[in-house]
Amino acid sequence: MLNGQGKPYAVFTPFYKALQAQAVGIAPLDEALGDWSLLKPADPACSVLPDSLQTLMQRPWAQGLMANERVGEAEAWTQLQRFAEEDMADYPEQRDFPALPATSALSVALHFGELNVRAVYFYLLALQESGAVDASGSQAWLRQLVWREFARYLLWHAPQSQFEPFQSKFVAMPWDEDAEALQRWQHGQTGIPIVDAGMRQLWQTGTMHNRVRMLVASLLTKNLNQSWRVGQAWFDFTLFDADPANNAMGWQWVAGCGVDASPYYRLFNPVLQSRKFDEQGDYIRRWVPELKALSSKAIHAPWEEPLECQMKGVRLGVDYPLPIVDLQASRAAHLQRVEAMKAPGNGG
Ligand SMILES: Cc1cc2nc3c(=O)[nH]c(=O)nc-3n(C[C@H](O)[C@H](O)[C@H](O)COP(=O)(O)OP(=O)(O)OC[C@H]3O[C@@H](n4cnc5c(N)ncnc54)[C@H](O)[C@@H]3O)c2cc1C
């Protein structure tokens, strides 16, 4: 699919519209697959885990990590069916709230091909036609699948973008290399509760809510000025759904150097985002238990409520770190860096 100038689309919305126009003409896969008899049945021995893996799976951390994982095609379809019947209608309103189980959690199945996107598309179309699924909910969810397609499309047309910024002026971005800051971010010890909750969810479960992925990525690249590549590498190492296309697009979008990216001057304020999308602090309490006792007012920015922390026995800097960075000052520094990078004579 190319745009009116015969070039690959570089903006999501026109890509989405063009894809919708083409989708009318596509057919389910069954007819095109060819001769099924060529497919050999799986060797039963393949389903027996090697001893080394069995031993690994006995470890408490591995059991915790796998507790919510359902492996295999049949499980993936059951999960999709349940999501379509029970949660899809609320998806548009609830998908941004990390404490709610409002998204499909199917990215791992989609990444590993347990779910085929075309089959999913026709399944939902049939449900829509029969009225068995909420139309606006399923449209909103399908739109996210198109983001996934867009990521694959971008990587197909610009394979170098897995590791290089789409916008070449960002090659000159003067990233810092701060090993200690990076480690605090990785370990969920930044002192910014919503970010720490996300990073700990990632470490303990191999996944992280989409909204929180954006917040942790914004803090790392824009407030801490660490390259999106180190964040991308950590996600690649820890996410079950780690995907070359989605991960590169996600990081470049947040860092501001991607196609159709979040503008460089847009920094998420993690405290405001936390108050908006985790108002009661439920998500934070789940992953940052040392802040459990704090009120929903104090939990998003404990350093602003020293009295309450003292009363509730939360010693800042001892039980829970002070913020790794001043959000306002680091925002201003980021904007200055980008302005300088874009200045004429600097390739801008
Ligand atoms: C910095 C960053 C890195 C990311 N890295 C990955 C990654 O490595 N692998 C990955 O699958 N997703 C990645 N995402 C996208 C998104 O966060 C996950 O796809 C989503 O959280 C998975 O949860 P879900 O299956 O419940 O999604 P749902 O909300 O139920 O969405 C359905 C499906 O649509 C696709 N999708 C949804 N949002 C996006 C998106 N923004 N971009 C591309 N596809 C999307 C996924 O396949 C997802 O399973 C990243 C986002 C950011 C901001």
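Hey, any hits in region 263-271 for a residue that's surrounded by fewer than 19 Cβ atoms within 10 Å (Cβ to Cβ), within 16 Å of the ligand (Cβ to nearest atom), at negative phi and not in a helix (DSSP H, G or I)? The answer is yes, given that some residue of region 263-271 is surrounded by fewer than 19 Cβ atoms within 10 Å (Cβ to Cβ), within 16 Å of the ligand (Cβ to nearest atom), at negative phi and not in a helix (DSSP H, G or I). Whether any residue in region 241-248 is closer than 21 Å to residue 66 by Cβ and either in contact with a Gly (Cβ under 7 Å, 6 or more places away or on another chain) or crowded, with 24+ Cβ neighbours inside 10 Å (or both) is what I want to check. The answer is no; no qualifying residue exists.
Checked against the criterion of being within 11 Å of the ligand (Cβ to nearest atom), over 18 Å from residue 262 (Cα atoms) and out of contact with any Phe, Trp or Tyr (no Cβ under 6 Å at 6 or more places or on another chain), region 156-174 has no qualifying residue.
Quick one: is residue 74 of a type in the set (A, V, I, L, M, F, W, C), in a helix (DSSP H, G or I) and more than 26 Å from residue 198 (Cα to Cα)? Yes: the conditions hold for residue 74. Residues being among the small types (Gly, Ala, Ser) and part of a helix (DSSP H, G or I) are represented in region 309-330 by at least one member. Scan region 68-102 for residues that are exposed (fewer than 13 other Cβ atoms within 10 Å of the Cβ) and either in the same structural domain as residue 274 (by TED's automatic domain parsing) or in contact (Cβ under 8 Å) with a residue 60 or more places away in the chain (or both) and the total you get is 1. Scan region 249-262 for residues that are within 9 Å of the ligand (Cβ to nearest atom) and surrounded by fewer than 23 Cβ atoms within 10 Å (Cβ to Cβ) and the total you get is 2.
Would you check if there is a residue in region 116-130 being more than 15 Å from the ligand (Cβ to nearest atom) and crowded, with 18+ Cβ neighbours inside 10 Å? Scanning region 116-130 turns up at least one residue that is more than 15 Å from the ligand (Cβ to nearest atom) and crowded, with 18+ Cβ neighbours inside 10 Å. Quick one: what pairs do we get from region 231-245, first residue within 15 Å of residue 204 (Cα to Cα) and within 8 Å of the ligand (Cβ to nearest atom), second outside any helix (DSSP H, G or I) and of a type in the set (S, T, N, Q), C-beta under 7 Å, 6+ apart or different chains? The qualifying pairs are 239/207; 241/207. Within region 274-308, the only residue that satisfies the criterion of being charged (D, E, K, R), in contact (Cβ under 8 Å) with a residue 40 or more places away in the chain and in a loop (DSSP other than H, G, I, E, B) is 278.
The values are calculated or read from the model by the stated rules, or taken from the named source; none is laboratory data. These numbers come from a predicted model, not from an experiment. As a convention, Cβ positions derive from the backbone with ideal geometry for all residues, glycine included, and neighbour counts pool all protein chains shown.
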